[in-house]
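Taking it in order: structure first as C-alpha coordinates, then the write-up.
The values are calculated or read from the model by the stated rules, or taken from the named source; none is laboratory data. No experiment lies behind these values; they were computed from the predicted model shown. Cβ: placed from backbone, ideal geometry, glycine included. Neighbour counts: every protein chain shown. Each accessible area value is taken on the protein alone, full model and side chains, heavy atoms only, with ligands, DNA and RNA left out. Shrake-Rupley method; radii C 1.70, N 1.55, O 1.52, S 1.80 Å.
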Amino acid sequence: MATALEVSLEGTDFLEISQSDGTVSHKTAAKLEDILEVEKTKCNIELTKEILTIHGTKKLCRSIPVASILSAVCRDKSNTTSQLTVQYIHKTGKSNLKISSICLKGDTSVCNAWETKLQEYIKLVPHRPQRLLIIVNPESGKRKGLKIYKSQVEPIFKLARIETEVVVTERAGHAEEMMSSRDLSGIDGLVLVGGDGIFHEVANGALRKIQKDSGIDIDNTYSSMKPLMIPVGMIPAGTGNGIAKEFFGCKDPEVAALAIVLGQSKPQSTFSVHANGKLLRYSIILLGYGFGADLAYEAEERRHLGTARYAYALTKLLVGNKQRCMDMEIEYLPEESPLVNKSESKDRLKEDWKKLEGRFSGIGTFCIWNNLNISDPRILHNKDKGAIVAVTKYTSRIQFINFLYRVVKGQVIELIDPDFSYLKLLAVHSFRVRLKSPSDPETKEGLLERLLNVDGEIHHLGATEFEARCRPGLVQLYHCIPSDDKKGAS
Ligand SMILES: Nc1ncnc2c1ncn2[C@@H]1O[C@H](COP(=O)(O)OP(=O)(O)OP(=O)(O)O)[C@@H](O)[C@H]1O
(Lines give C-alpha, C1' and ligand atoms only; values in the text may rest on other atoms or scores of the structure.)
Protein backbone atom coordinates (compact mmCIF):
# COMPACT_ATOMS: atom_id res chain seq x y z
CA MET A 1 0.00 0.00 0.00
CA ALA A 2 1.21 3.50 -0.77
CA THR A 3 2.47 5.63 2.08
CA ALA A 4 0.29 8.56 3.15
CA LEU A 5 3.12 11.07 2.95
CA GLU A 6 2.41 14.75 3.11
CA VAL A 7 2.93 16.39 -0.24
CA SER A 8 6.25 18.15 0.00
CA LEU A 9 7.03 21.27 -1.99
CA GLU A 10 10.67 21.97 -1.51
CA GLY A 11 13.17 24.45 -2.91
CA THR A 12 15.64 22.64 -5.15
CA ASP A 13 18.64 23.97 -6.97
CA PHE A 14 18.71 23.56 -10.74
CA LEU A 15 21.54 24.52 -13.04
CA GLU A 16 20.61 27.06 -15.64
CA ILE A 17 22.92 28.33 -18.40
CA SER A 18 22.52 31.95 -19.38
CA GLN A 19 22.15 32.20 -23.17
CA SER A 20 23.71 35.62 -23.55
CA ASP A 21 27.13 35.31 -21.89
CA GLY A 22 27.49 31.58 -21.35
CA THR A 23 27.84 31.91 -17.58
CA VAL A 24 26.19 29.38 -15.32
CA SER A 25 23.66 30.61 -12.79
CA HIS A 26 21.60 28.87 -10.13
CA LYS A 27 17.86 29.17 -9.93
CA THR A 28 15.53 27.82 -7.31
CA ALA A 29 12.57 25.91 -8.63
CA ALA A 30 9.69 24.27 -6.80
CA LYS A 31 9.73 20.49 -6.85
CA LEU A 32 6.97 18.18 -5.71
CA GLU A 33 8.20 14.80 -4.49
CA ASP A 34 6.37 11.74 -3.17
CA ILE A 35 6.25 8.00 -3.00
CA LEU A 36 3.37 6.52 -4.96
CA GLU A 37 2.61 3.07 -6.33
CA VAL A 38 3.08 2.31 -10.02
CA GLU A 39 2.06 -1.21 -11.05
CA LYS A 40 2.11 -2.30 -7.39
CA THR A 41 5.70 -1.05 -6.95
CA LYS A 42 6.55 1.90 -4.71
CA CYS A 43 8.26 4.57 -6.77
CA ASN A 44 9.72 7.93 -5.99
CA ILE A 45 7.84 10.47 -8.14
CA GLU A 46 9.09 14.00 -8.77
CA LEU A 47 7.40 16.91 -10.47
CA THR A 48 8.82 20.23 -11.58
CA LYS A 49 7.15 22.77 -13.86
CA GLU A 50 8.89 21.05 -16.77
CA ILE A 51 9.03 17.33 -16.04
CA LEU A 52 7.34 14.45 -14.26
CA THR A 53 9.90 11.79 -13.32
CA ILE A 54 9.23 8.29 -12.06
CA HIS A 55 12.14 6.58 -10.32
CA GLY A 56 11.57 2.86 -9.94
CA THR A 57 12.57 -0.40 -11.54
CA LYS A 58 14.11 -0.15 -15.03
CA LYS A 59 10.73 -0.97 -16.60
CA LEU A 60 8.90 1.76 -14.68
CA CYS A 61 11.51 4.53 -14.88
CA ARG A 62 10.45 7.36 -17.14
CA SER A 63 10.51 11.12 -17.62
CA ILE A 64 7.42 12.78 -19.04
CA PRO A 65 7.64 16.44 -20.10
CA VAL A 66 4.75 18.40 -18.57
CA ALA A 67 4.27 19.94 -22.03
CA SER A 68 3.25 16.52 -23.36
CA ILE A 69 0.73 15.69 -20.62
CA LEU A 70 -2.80 15.55 -21.97
CA SER A 71 -4.64 15.04 -18.69
CA ALA A 72 -4.21 14.16 -15.02
CA VAL A 73 -7.36 12.85 -13.36
CA CYS A 74 -8.00 11.19 -9.97
CA ARG A 75 -10.21 8.10 -10.25
CA ASP A 76 -11.46 5.27 -8.04
CA LYS A 77 -11.50 7.61 -5.09
CA SER A 78 -12.15 6.09 -1.68
CA ASN A 79 -11.70 7.67 1.74
CA THR A 80 -8.16 6.48 1.93
CA THR A 81 -6.68 5.71 -1.51
CA SER A 82 -7.17 6.77 -5.12
CA GLN A 83 -5.62 6.40 -8.53
CA LEU A 84 -4.17 9.32 -10.46
CA THR A 85 -4.18 8.58 -14.20
CA VAL A 86 -1.74 10.69 -16.20
CA GLN A 87 -2.29 10.57 -19.96
CA TYR A 88 0.54 11.89 -22.11
CA ILE A 89 1.21 12.37 -25.81
CA HIS A 90 4.24 10.84 -27.43
CA LYS A 91 5.58 10.22 -30.88
CA THR A 92 5.57 6.83 -32.55
CA GLY A 93 7.37 6.67 -35.85
CA LYS A 94 7.80 9.61 -38.20
CA SER A 95 4.60 11.52 -37.75
CA ASN A 96 2.17 9.67 -35.51
CA LEU A 97 1.23 10.93 -32.10
CA LYS A 98 -0.24 8.50 -29.60
CA ILE A 99 -1.69 8.67 -26.10
CA SER A 100 -0.14 6.56 -23.34
CA SER A 101 -1.00 6.60 -19.68
CA ILE A 102 0.49 5.85 -16.33
CA CYS A 103 -1.46 5.19 -13.10
CA LEU A 104 -0.13 6.43 -9.79
CA LYS A 105 -1.80 4.98 -6.69
CA GLY A 106 -1.66 6.52 -3.26
CA ASP A 107 -3.34 8.30 -0.45
CA THR A 108 -6.42 10.22 -1.67
CA SER A 109 -5.21 13.55 -0.31
CA VAL A 110 -1.81 13.03 -1.93
CA CYS A 111 -3.34 12.12 -5.30
CA ASN A 112 -5.68 15.13 -5.15
CA ALA A 113 -2.75 17.44 -4.48
CA TRP A 114 -0.81 15.92 -7.41
CA GLU A 115 -3.78 16.33 -9.71
CA THR A 116 -4.12 20.02 -8.76
CA LYS A 117 -0.39 20.68 -9.19
CA LEU A 118 -0.21 18.88 -12.54
CA GLN A 119 -3.19 20.85 -13.87
CA GLU A 120 -1.58 24.06 -12.64
CA TYR A 121 1.72 23.27 -14.39
CA ILE A 122 -0.02 22.17 -17.61
CA LYS A 123 -1.68 25.61 -17.79
CA LEU A 124 1.75 27.23 -17.60
CA VAL A 125 3.08 25.43 -20.71
CA PRO A 126 3.83 28.12 -23.31
CA HIS A 127 1.70 28.09 -26.50
CA ARG A 128 -0.66 25.42 -25.21
CA PRO A 129 -4.15 26.54 -26.27
CA GLN A 130 -6.78 27.10 -23.59
CA ARG A 131 -9.56 28.55 -25.76
CA LEU A 132 -10.20 27.44 -29.34
CA LEU A 133 -12.69 28.55 -31.97
CA ILE A 134 -13.74 25.51 -34.00
CA ILE A 135 -15.24 25.88 -37.48
CA VAL A 136 -16.76 22.74 -38.98
CA ASN A 137 -17.66 22.37 -42.67
CA PRO A 138 -20.34 19.63 -42.57
CA GLU A 139 -20.25 19.33 -46.37
CA SER A 140 -16.55 18.64 -46.91
CA GLY A 141 -15.24 15.33 -48.16
CA LYS A 142 -17.70 12.55 -47.41
CA ARG A 143 -19.84 14.89 -45.30
CA LYS A 144 -18.47 13.45 -42.07
CA GLY A 145 -16.91 16.65 -40.68
CA LEU A 146 -19.26 16.98 -37.72
CA LYS A 147 -19.10 13.28 -36.88
CA ILE A 148 -15.30 13.32 -37.02
CA TYR A 149 -15.21 16.33 -34.72
CA LYS A 150 -17.65 14.87 -32.18
CA SER A 151 -16.17 11.37 -32.07
CA GLN A 152 -12.43 11.89 -32.57
CA VAL A 153 -11.53 15.46 -31.72
CA GLU A 154 -13.88 16.80 -29.06
CA PRO A 155 -12.99 14.03 -26.54
CA ILE A 156 -9.29 14.97 -26.84
CA PHE A 157 -9.98 18.68 -26.32
CA LYS A 158 -12.17 17.80 -23.32
CA LEU A 159 -9.41 15.71 -21.76
CA ALA A 160 -7.03 18.62 -22.28
CA ARG A 161 -9.60 20.94 -20.59
CA ILE A 162 -9.61 23.25 -23.61
CA GLU A 163 -12.60 25.60 -23.78
CA THR A 164 -14.22 25.44 -27.21
CA GLU A 165 -16.74 27.41 -29.23
CA VAL A 166 -18.05 25.42 -32.19
CA VAL A 167 -19.51 26.99 -35.34
CA VAL A 168 -20.94 24.73 -38.05
CA THR A 169 -21.00 26.47 -41.45
CA GLU A 170 -24.38 26.80 -43.15
CA ARG A 171 -23.33 27.56 -46.71
CA ALA A 172 -20.30 28.20 -48.93
CA GLY A 173 -18.75 31.54 -47.99
CA HIS A 174 -20.19 31.50 -44.44
CA ALA A 175 -16.79 30.93 -42.76
CA GLU A 176 -15.19 33.79 -44.73
CA GLU A 177 -18.04 36.19 -43.91
CA MET A 178 -17.86 35.28 -40.23
CA MET A 179 -14.09 35.75 -40.05
CA SER A 180 -14.25 39.13 -41.77
CA SER A 181 -16.04 40.58 -38.72
CA ARG A 182 -15.13 38.18 -35.90
CA ASP A 183 -13.14 39.53 -32.96
CA LEU A 184 -10.49 36.95 -32.09
CA SER A 185 -9.32 38.43 -28.80
CA GLY A 186 -9.24 35.85 -26.02
CA ILE A 187 -8.95 32.99 -28.51
CA ASP A 188 -5.66 31.06 -28.63
CA GLY A 189 -6.19 29.25 -31.91
CA LEU A 190 -8.54 28.44 -34.78
CA VAL A 191 -9.39 24.84 -35.57
CA LEU A 192 -10.94 24.02 -38.93
CA VAL A 193 -12.67 20.72 -39.57
CA GLY A 194 -12.86 20.13 -43.32
CA GLY A 195 -10.58 20.46 -46.31
CA ASP A 196 -8.30 22.99 -47.96
CA GLY A 197 -11.27 25.07 -49.18
CA ILE A 198 -12.49 25.96 -45.70
CA PHE A 199 -8.93 26.88 -44.73
CA HIS A 200 -8.71 29.19 -47.75
CA GLU A 201 -11.98 30.89 -46.77
CA VAL A 202 -11.05 31.38 -43.11
CA ALA A 203 -7.58 32.70 -43.92
CA ASN A 204 -9.01 35.17 -46.47
CA GLY A 205 -11.69 36.47 -44.11
CA ALA A 206 -9.33 36.79 -41.13
CA LEU A 207 -6.42 38.33 -43.05
CA ARG A 208 -8.61 40.95 -44.74
CA LYS A 209 -10.08 41.95 -41.35
CA ILE A 210 -6.64 42.31 -39.74
CA GLN A 211 -5.40 44.59 -42.57
CA LYS A 212 -8.62 46.63 -42.46
CA ASP A 213 -8.41 47.07 -38.67
CA SER A 214 -4.79 48.23 -39.04
CA GLY A 215 -5.59 50.68 -41.86
CA ILE A 216 -3.39 48.78 -44.36
CA ASP A 217 -4.01 49.31 -48.07
CA ILE A 218 -4.46 45.69 -49.15
CA ASP A 219 -4.66 46.57 -52.84
CA ASN A 220 -1.13 47.96 -52.90
CA THR A 221 1.36 45.16 -53.61
CA TYR A 222 4.03 47.16 -51.79
CA SER A 223 2.11 47.33 -48.49
CA SER A 224 3.52 45.32 -45.59
CA MET A 225 0.77 43.10 -44.29
CA LYS A 226 0.01 42.08 -40.73
CA PRO A 227 0.00 38.39 -39.81
CA LEU A 228 -2.79 36.45 -38.19
CA MET A 229 -1.56 36.34 -34.60
CA ILE A 230 -3.11 33.01 -33.60
CA PRO A 231 -2.29 29.63 -35.18
CA VAL A 232 -4.68 27.65 -37.33
CA GLY A 233 -5.08 23.88 -37.01
CA MET A 234 -6.58 21.72 -39.71
CA ILE A 235 -8.57 18.63 -38.75
CA PRO A 236 -8.64 16.60 -41.98
CA ALA A 237 -12.20 15.86 -43.09
CA GLY A 238 -12.04 17.03 -46.71
CA THR A 239 -11.22 15.41 -50.03
CA GLY A 240 -7.61 16.36 -50.66
CA ASN A 241 -6.48 17.44 -47.18
CA GLY A 242 -3.18 18.81 -48.53
CA ILE A 243 -2.65 21.09 -45.53
CA ALA A 244 -3.19 18.37 -42.94
CA LYS A 245 -0.73 16.08 -44.76
CA GLU A 246 1.83 18.87 -44.91
CA PHE A 247 1.59 19.88 -41.25
CA PHE A 248 0.81 16.59 -39.49
CA GLY A 249 2.37 14.15 -41.93
CA CYS A 250 -0.89 12.18 -42.15
CA LYS A 251 -4.67 12.51 -42.53
CA ASP A 252 -5.55 11.20 -39.06
CA PRO A 253 -7.93 13.56 -37.19
CA GLU A 254 -6.74 12.28 -33.79
CA VAL A 255 -3.10 13.02 -34.59
CA ALA A 256 -4.12 16.50 -35.72
CA ALA A 257 -6.08 17.09 -32.49
CA LEU A 258 -3.16 15.91 -30.33
CA ALA A 259 -0.73 18.17 -32.23
CA ILE A 260 -3.07 21.12 -31.64
CA VAL A 261 -3.14 20.35 -27.90
CA LEU A 262 0.68 20.42 -27.85
CA GLY A 263 0.45 23.90 -29.36
CA GLN A 264 3.53 23.92 -31.59
CA SER A 265 3.09 25.98 -34.75
CA LYS A 266 5.14 27.06 -37.75
CA PRO A 267 4.75 29.82 -40.34
CA GLN A 268 3.42 29.21 -43.82
CA SER A 269 4.21 31.19 -46.96
CA THR A 270 1.17 33.01 -48.28
CA PHE A 271 0.74 34.90 -51.56
CA SER A 272 -1.33 38.02 -51.94
CA VAL A 273 -2.71 37.92 -55.49
CA HIS A 274 -3.46 41.23 -57.19
CA ALA A 275 -5.26 41.99 -60.46
CA ASN A 276 -6.75 45.21 -61.85
CA GLY A 277 -5.16 47.19 -59.00
CA LYS A 278 -7.08 45.16 -56.36
CA LEU A 279 -6.26 42.36 -53.98
CA LEU A 280 -8.00 39.34 -55.52
CA ARG A 281 -7.29 36.66 -52.88
CA TYR A 282 -4.73 35.39 -50.42
CA SER A 283 -3.38 32.04 -51.60
CA ILE A 284 -1.98 29.64 -49.04
CA ILE A 285 -1.82 26.36 -50.93
CA LEU A 286 -1.42 26.80 -54.68
CA LEU A 287 -2.01 29.09 -57.63
CA GLY A 288 -2.58 27.87 -61.15
CA TYR A 289 -2.76 29.89 -64.34
CA GLY A 290 -3.15 28.18 -67.72
CA PHE A 291 -3.27 24.40 -67.23
CA GLY A 292 -3.99 24.66 -63.46
CA ALA A 293 -6.94 27.02 -64.04
CA ASP A 294 -8.29 24.92 -66.95
CA LEU A 295 -8.27 21.90 -64.65
CA ALA A 296 -10.20 23.70 -61.88
CA TYR A 297 -12.68 25.11 -64.45
CA GLU A 298 -13.42 21.72 -66.02
CA ALA A 299 -13.74 20.12 -62.55
CA GLU A 300 -16.12 22.88 -61.38
CA GLU A 301 -18.30 22.31 -64.47
CA ARG A 302 -18.77 18.69 -63.26
CA ARG A 303 -19.18 19.35 -59.51
CA HIS A 304 -22.05 16.83 -59.42
CA LEU A 305 -19.47 14.05 -60.02
CA GLY A 306 -18.04 14.63 -56.52
CA THR A 307 -14.39 13.72 -56.09
CA ALA A 308 -14.41 11.98 -59.49
CA ARG A 309 -14.65 15.44 -61.11
CA TYR A 310 -10.87 15.93 -60.88
CA ALA A 311 -10.12 12.65 -62.65
CA TYR A 312 -12.72 13.59 -65.28
CA ALA A 313 -11.17 17.05 -65.80
CA LEU A 314 -7.64 15.70 -66.01
CA THR A 315 -8.65 13.03 -68.52
CA LYS A 316 -10.54 15.58 -70.62
CA LEU A 317 -7.58 17.97 -70.71
CA LEU A 318 -4.90 15.38 -71.37
CA VAL A 319 -6.71 13.08 -73.75
CA GLY A 320 -9.43 15.12 -75.39
CA ASN A 321 -7.78 18.48 -75.97
CA LYS A 322 -4.70 19.77 -77.66
CA GLN A 323 -2.42 21.23 -74.98
CA ARG A 324 -3.18 24.92 -74.69
CA CYS A 325 -0.16 27.26 -74.77
CA MET A 326 -0.09 31.00 -74.21
CA ASP A 327 2.41 33.70 -75.11
CA MET A 328 3.42 34.98 -71.70
CA GLU A 329 5.72 37.50 -70.15
CA ILE A 330 6.73 36.44 -66.64
CA GLU A 331 8.68 38.71 -64.32
CA TYR A 332 9.86 37.42 -60.96
CA LEU A 333 11.78 38.50 -57.89
CA PRO A 334 14.02 35.58 -56.89
CA GLU A 335 13.79 34.17 -53.39
CA GLU A 336 17.41 35.12 -52.56
CA SER A 337 16.73 38.83 -53.26
CA PRO A 338 16.31 41.01 -50.18
CA LEU A 339 12.70 41.12 -49.07
CA VAL A 340 10.74 44.06 -50.32
CA ASN A 341 9.67 46.53 -47.69
CA LYS A 342 7.88 49.83 -47.60
CA SER A 343 11.00 51.98 -47.63
CA GLU A 344 12.36 50.51 -50.87
CA SER A 345 11.56 52.36 -54.05
CA LYS A 346 9.97 50.61 -57.02
CA ASP A 347 12.95 51.67 -59.22
CA ARG A 348 15.52 50.09 -56.90
CA LEU A 349 13.53 46.86 -56.94
CA LYS A 350 13.33 46.82 -60.71
CA GLU A 351 17.02 45.83 -60.82
CA ASP A 352 16.34 42.60 -58.96
CA TRP A 353 13.43 41.43 -61.10
CA LYS A 354 14.14 38.82 -63.75
CA LYS A 355 12.16 38.18 -66.94
CA LEU A 356 11.05 35.10 -68.87
CA GLU A 357 9.25 35.21 -72.19
CA GLY A 358 7.83 32.43 -74.33
CA ARG A 359 4.96 30.08 -75.04
CA PHE A 360 3.99 28.31 -71.84
CA SER A 361 1.15 25.94 -71.01
CA GLY A 362 0.92 27.21 -67.47
CA ILE A 363 2.43 28.70 -64.36
CA GLY A 364 1.70 27.56 -60.84
CA THR A 365 2.92 27.98 -57.26
CA PHE A 366 3.56 25.38 -54.62
CA CYS A 367 3.31 26.73 -51.07
CA ILE A 368 2.42 23.34 -49.66
CA TRP A 369 5.21 20.91 -50.32
CA ASN A 370 4.01 17.47 -49.38
CA ASN A 371 3.21 16.66 -52.99
CA LEU A 372 6.46 17.93 -54.38
CA ASN A 373 9.78 16.38 -53.52
CA ILE A 374 12.39 18.30 -55.42
CA SER A 375 15.83 16.72 -55.15
CA ASP A 376 17.80 19.96 -55.41
CA PRO A 377 17.72 21.75 -52.03
CA ARG A 378 19.15 24.92 -53.60
CA ILE A 379 15.83 25.53 -55.30
CA LEU A 380 14.37 27.16 -52.23
CA HIS A 381 16.69 28.18 -49.40
CA ASN A 382 14.03 28.80 -46.85
CA LYS A 383 10.69 27.08 -47.15
CA ASP A 384 9.07 29.60 -44.81
CA LYS A 385 10.18 32.63 -46.81
CA GLY A 386 9.32 31.89 -50.40
CA ALA A 387 7.55 29.52 -52.71
CA ILE A 388 8.23 27.57 -55.85
CA VAL A 389 6.81 28.63 -59.15
CA ALA A 390 6.70 26.03 -61.89
CA VAL A 391 6.54 27.19 -65.48
CA THR A 392 5.63 24.56 -68.04
CA LYS A 393 6.42 24.76 -71.74
CA TYR A 394 4.64 22.71 -74.37
CA THR A 395 5.50 19.03 -73.98
CA SER A 396 4.24 15.60 -75.00
CA ARG A 397 1.23 14.25 -73.13
CA ILE A 398 3.21 11.28 -71.84
CA GLN A 399 5.84 13.58 -70.33
CA PHE A 400 3.22 15.82 -68.78
CA ILE A 401 1.31 12.88 -67.28
CA ASN A 402 4.64 11.61 -65.90
CA PHE A 403 5.23 14.99 -64.23
CA LEU A 404 1.72 15.19 -62.73
CA TYR A 405 1.97 11.59 -61.52
CA ARG A 406 5.23 12.37 -59.72
CA VAL A 407 3.80 15.51 -58.11
CA VAL A 408 0.73 13.63 -56.87
CA LYS A 409 2.83 10.74 -55.57
CA GLY A 410 5.40 13.09 -53.98
CA GLN A 411 8.22 11.55 -55.99
CA VAL A 412 11.59 13.22 -56.51
CA ILE A 413 11.80 15.54 -59.48
CA GLU A 414 15.39 15.73 -60.75
CA LEU A 415 15.79 18.97 -62.60
CA ILE A 416 18.74 17.63 -64.56
CA ASP A 417 16.53 14.81 -65.85
CA PRO A 418 16.00 15.54 -69.60
CA ASP A 419 12.41 14.33 -69.13
CA PHE A 420 11.71 17.55 -67.23
CA SER A 421 13.54 19.98 -69.52
CA TYR A 422 10.16 21.57 -70.36
CA LEU A 423 9.72 22.52 -66.73
CA LYS A 424 11.33 25.51 -65.08
CA LEU A 425 11.23 25.82 -61.31
CA LEU A 426 11.88 29.21 -59.77
CA ALA A 427 12.14 30.06 -56.09
CA VAL A 428 10.43 33.43 -55.78
CA HIS A 429 9.18 36.14 -53.48
CA SER A 430 6.99 37.72 -56.15
CA PHE A 431 6.01 37.27 -59.76
CA ARG A 432 3.95 38.97 -62.45
CA VAL A 433 2.30 37.34 -65.43
CA ARG A 434 1.09 39.12 -68.56
CA LEU A 435 -0.46 37.59 -71.66
CA LYS A 436 1.04 39.10 -74.78
CA SER A 437 -1.85 38.58 -77.20
CA PRO A 438 -5.08 37.92 -75.27
CA SER A 439 -8.06 36.31 -77.00
CA ASP A 440 -11.54 37.83 -77.23
CA PRO A 441 -13.13 37.50 -73.73
CA GLU A 442 -16.38 36.29 -75.37
CA THR A 443 -14.69 33.07 -76.60
CA LYS A 444 -13.98 30.01 -74.42
CA GLU A 445 -10.23 30.56 -74.96
CA GLY A 446 -10.65 34.19 -73.83
CA LEU A 447 -12.62 33.09 -70.75
CA LEU A 448 -9.94 30.56 -69.74
CA GLU A 449 -7.23 33.21 -70.17
CA ARG A 450 -8.99 35.29 -67.49
CA LEU A 451 -9.30 32.53 -64.88
CA LEU A 452 -7.01 31.75 -61.97
CA ASN A 453 -7.05 28.69 -59.74
CA VAL A 454 -6.51 29.91 -56.18
CA ASP A 455 -6.19 27.10 -53.61
CA GLY A 456 -8.37 24.84 -55.75
CA GLU A 457 -11.15 27.39 -56.37
CA ILE A 458 -11.66 29.17 -59.67
CA HIS A 459 -11.52 33.01 -59.67
CA HIS A 460 -12.19 35.52 -62.43
CA LEU A 461 -9.24 37.86 -62.89
CA GLY A 462 -11.15 40.32 -65.06
CA ALA A 463 -7.80 40.79 -66.86
CA THR A 464 -5.06 38.81 -68.54
CA GLU A 465 -2.35 39.88 -66.13
CA PHE A 466 -1.83 39.53 -62.38
CA GLU A 467 0.82 39.86 -59.70
CA ALA A 468 1.44 37.54 -56.76
CA ARG A 469 3.59 38.53 -53.82
CA CYS A 470 4.86 36.10 -51.17
CA ARG A 471 4.13 37.12 -47.57
CA PRO A 472 6.26 34.97 -45.27
CA GLY A 473 4.62 34.02 -42.01
CA LEU A 474 1.28 35.71 -42.66
CA VAL A 475 -0.38 32.61 -41.25
CA GLN A 476 0.99 29.98 -38.93
CA LEU A 477 -0.30 26.47 -38.51
CA TYR A 478 -0.24 23.94 -35.74
CA HIS A 479 2.08 21.10 -36.68
CA CYS A 480 3.62 17.94 -35.23
CA ILE A 481 6.72 18.33 -33.10
CA PRO A 482 9.88 17.29 -34.98
CA SER A 483 10.68 13.57 -34.84
CA ASP A 484 14.13 14.13 -33.33
CA ASP A 485 12.61 15.85 -30.30
CA LYS A 486 14.84 14.86 -27.40
CA LYS A 487 12.32 15.78 -24.75
CA GLY A 488 9.78 13.12 -25.73
CA ALA A 489 8.67 10.81 -22.98
CA SER A 490 11.26 8.14 -22.42
N1 LIG B 1 -22.31 24.38 -45.03
C2 LIG B 1 -21.80 24.38 -46.27
N3 LIG B 1 -22.55 23.98 -47.32
C4 LIG B 1 -22.06 23.93 -48.57
N5 LIG B 1 -20.79 24.28 -48.89
C6 LIG B 1 -19.98 24.68 -47.88
C7 LIG B 1 -20.45 24.76 -46.53
N8 LIG B 1 -19.43 25.18 -45.75
C9 LIG B 1 -18.38 25.39 -46.58
N10 LIG B 1 -18.69 25.08 -47.85
C11 LIG B 1 -17.84 25.14 -49.06
O12 LIG B 1 -17.30 23.85 -49.31
C13 LIG B 1 -16.13 24.01 -50.10
C14 LIG B 1 -15.22 22.81 -49.96
O15 LIG B 1 -14.89 22.63 -48.65
P16 LIG B 1 -13.62 21.85 -48.10
O17 LIG B 1 -12.38 22.29 -48.71
O18 LIG B 1 -13.72 21.93 -46.62
O19 LIG B 1 -13.88 20.32 -48.53
P20 LIG B 1 -13.35 19.49 -49.76
O21 LIG B 1 -13.44 20.29 -51.01
O22 LIG B 1 -14.05 18.19 -49.70
O23 LIG B 1 -11.82 19.19 -49.38
P24 LIG B 1 -10.43 19.61 -50.10
O25 LIG B 1 -10.49 21.08 -50.33
O26 LIG B 1 -9.35 19.23 -49.10
O27 LIG B 1 -10.34 18.79 -51.34
C28 LIG B 1 -15.50 25.29 -49.60
O29 LIG B 1 -15.01 26.03 -50.68
C30 LIG B 1 -16.64 26.03 -48.91
O31 LIG B 1 -16.94 27.27 -49.53
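Evaluated with a Cβ-only charge set (Lys, Arg +1; Asp, Glu -1), segment 233-338 carries a dipole of roughly 420 debye about its Cα centre, given to the nearest 20. Among the listed pairs K142/K266; K316/K436; K59/K158; K123/K147; K355/K436, which are separated by more than 20 Å between their Cα atoms? As for pairs spanning more than 20 Å Cα to Cα, those are K142/K266; K316/K436; K59/K158; K123/K147.
With R₀ fixed at 51 Å, the C-beta to C-beta distance from Y222 to I401 puts the FRET efficiency at about 0.80.
Residues T315, T41, sorted by accessible area with the largest first, give T315, T41 [1.4 Å probe; ligands and nucleic acids excluded].
Projecting the Cα atoms of H200, I162, I148 onto the charge dipole of segment 142-224, computed from C-beta unit charges around the Cα centre, puts I148 farthest toward the positive end. Just grab the label-to-label distance for K278 and H304, each label 7 Å out from Cα along the Cβ direction, in nm (one decimal). In this crude label model, K278 to H304 measures out at 3.1 nm.
Remark: segment 119-244 carries 44 Å² of accessible area per residue (probe radius 1.4 Å; ligands, DNA and RNA excluded). The charge dipole of segment 140-285, taken about its Cα centre with unit charges on the Cβ of Lys, Arg, Asp and Glu (plus for the first two, minus for the last two), comes to roughly 340 debye. One Cα centroid belongs to segment 215-270, the other to segment 36-94; the line between them spans 33 Å. Taken over the alpha carbons of segment 131-263 as equal point scatterers, the Debye sum produces base-10 log I(q)/I(0) values at 0.09, 0.13, 0.14, 0.19 Å⁻¹ of -0.25, -0.52, -0.60, -1.06.
Accessible surface for D217 stands near 80 Å², nearest 10, in the context of the full protein assembly shown (1.4 Å probe). Ordering of 137-144, 209-216, 117-124 by packing is 137-144, 117-124, 209-216, highest average first (other Cβ atoms within 10 Å, averaged per residue).
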